[in-house]
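Here is the structure we will look at.
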Amino acid sequence: MISKRKPWQTVALYLFVTILCVVILYPYFIMFITGMKSNNEMYAIDHIFPQAWQWSNFVDIWSAAPIFRYFINSLIIAGGATCLAILCGIPAAYALSRMKFKGKGIFMGAVIMSQMFSPVVLLVGIYKLMVNINLNDSLLGLILLNAAFNQAFTIWLLRGTFISISPEMEQAAKIDGCNTVGALIKVLLPMAAPGIITTLIFVFINAWNEYTIALTLISTDAFKPITVGINVFYGFNFIQWQYLFATSLFATIPVVILFLAIEKHLVAGLTSGGVKG
Amino acid sequence: MIQNNASKKKNAAASFMPYVWLLPSILLMVIMIIVPIYTVFQISFSEVGRTGKIKGLNGITNYLEVFEEPAFWTTLQNTFVWTIAVVGISTLLGFIIAMVLNQEFAGRKFVRAVVIFPWATALIIQSVIWKYIINADYGSLNVLLRKLGLIDSFVNWTATPQTMFAWECWVGIFVTFPFVTFCILSGLQGIDDSLYEAAAVDGSSFWHKMFRITLPLLRPNLTVSTVLNIIYVFNSFPIIWTISKGAPADQTHTLVTYLYQLSFADGKSGHAAAVSVIGFVILAFCASIYMILSLRREEE
């Protein structure tokens, strides 16, 4: 769609994208400058920028609350869920892309259906199940749930990736004496690496950003992920906005960077991989 | 004979293999998704004590009691307004932004990267930051507008349930439109330029090209983004829970925050489960439409 623009169109275009960027970045700007204010300035309403830039806030948060523990918990939950989702998803996606069997259509349908149900609407049932199997208030419970609720996307994205790779190379490897598992690991997985990495990062981000299940299941402070943990700065009467936002920045920046890295693969996978297949 | 048996066994094993490959995935989903679905249905038809102990079936009592609550009907109405407004406006806005980002201009990569921000950020963090921005006493929106000379005294942005809910919809739109933008953008980049050139030769107008070329070719992308967004937005919990918790007087709940409050604040698991099932039925209806659409496309 390269067409010659009239001058006013160019002006309108730049005006539009400038406003767009300002509006989108505004909350992040507020997050940053508020994270830089001192507690005294918090409710001083005459200045947009902090009068004294408190870089120390970014250091103080680590001792003000067990922030480090929360980050580690988020890493364990998101990392564990990602590994589990991929380990279960790869064989399933492989079967769906390379094998013919009865019930394939039904399974695909069930996978698509399951993607429709977020854990929130099932919270009452999830809570009961987790209490029954003694996994409420545990990191393992969150790993299992995040992996399960990301299974649909995992299978969807991986199946799309596998289908786009011709099976000929695997067949050649099998003739050379590889068994199916060997051909999968040695031939298909390396070729599918970009798709697998995209899936890994996407599941990781979903699990990292997850809030509702963790809020419901975790009551022990030492098991809280960062999304729930930042509530410590958010007391009933006293909110430490500067710490809240300083911590939020730490929780946000790595995820945005990861997301930027996979955006192209991800969108192509989401819109074509699963639906057309 | 022996050989024959052996190859039969091998065949049986081979035809069994796909299910072995699927097994881990199926186990994970059955235990973590299907079992809770069953439990929600069971609880919704049971009398439940405040401690969560199931005392036995009581038919549709929970449902009838939920229907008697005026808050439930407000919530149901809010849920539809929330889902339709957020998905509808996000789709329109996301579409327009995708059209713009599909143009060549200096700094396009930067703008693309910026649009990713709201999508990648945790909803809870977005919700907290917006709650701070619109705070009536010291919120940064008031500070900014006063500095710019647009207002003299601070505005209470969330004075009524309606304005509160409107702000929540705004935050919903803010986090939802990037997904639409990227779905559309990926579709736009797949459209062959020669189609537009041919249309230009024929002297087609902008709208003609839009409705005859762009929109039909983007249909799959629009379907995916709309359907997934309906599901996400319908189920979105952190925004409303953080900004208003349904207040004032249960006027700004959607189904998911309402059921959360019923179950985990009011100790009415039976009612919460009934609300879950109602939400579940609405979602299942949407999901089956989506499944029919996507399976039909698979056949094409």
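The values are calculated or read from the model by the stated rules, or taken from the named source; none is laboratory data. Computed from a predicted model, the values in this text were never measured in an experiment. Every residue, glycine as well, gets a Cβ built from its backbone with ideal geometry; the counts of neighbours run over all protein chains shown.
Quick notes on this structure:
- A single member of A:G109, A:G89, A:G80 is over 19 Å from B:V40 (Cα atoms), surrounded by fewer than 21 Cβ atoms within 10 Å (Cβ to Cβ) and facing chain B (nearest Cβ under 7 Å), and it is A:G109.
- Leading residue by the ranking (farthest from A:M31 (Cα to Cα)) among those in the stretch A:189-218 that are modelled with pLDDT of 90 or more and outside any helix (DSSP H, G or I): A:I218
- Boolean, B:L76 is modelled with pLDDT under 90 and of a type in the set (A, V, I, L, M): no
- Checking each residue in the stretch B:64-112 for being farther than 18 Å from A:Q9 by Cα, of a type in the set (G, A, S) and either within 11 Å of another protein chain (Cβ to nearest Cβ) or out of contact with any Cys (no Cβ under 6 Å at 6 or more places or on another chain) (or both) picks out B:A71, B:G88, B:S90, B:G94.
- Condition check for A:T154: assigned to a helix (DSSP H, G or I), modelled with pLDDT under 90 and surrounded by 24 or more Cβ atoms within 10 Å (Cβ to Cβ): no
- Entirely in the stretch B:118-225, the helices (runs of 4 or more DSSP H) that have 1 or more residues that are under 20 Å from B:S236 (Cβ atoms) and away from every other protein chain (no Cβ under 12 Å): B:161-188
- Number of the exception - A:L260 against (1) more than 30 Å from B:L293 (Cβ to Cβ); (2) more than 10 Å from chain B (Cβ to nearest Cβ); (3) under 14 Å from the mean Cα position of the chain (by Cα): (2)
- Selection from the stretch A:30-46 of residues that are under 25 Å from the mean Cα position of the chain (by Cα) and more than 9 Å from every other protein chain (Cβ to nearest Cβ): A:F32, A:G35
- Close pairs from the stretch A:119-132: first in contact (Cβ under 8 Å) with a residue 24 or more places away in the chain, partner not in a helix (DSSP H, G or I), Cβ under 7 Å, at least 6 apart: A:V120/B:N235; A:V120/B:F237; A:Y127/A:N136; A:M130/A:N136
- Hits in the stretch A:219-240 (condition: outside any helix (DSSP H, G or I) and within 16 Å of A:G80 (Cα to Cα)): A:K224, A:P225
- Among the criteria (1) closer than 29 Å to A:Y234 by Cβ; (2) modelled with pLDDT of 90 or more, the one B:I97 does not fulfil is (1).
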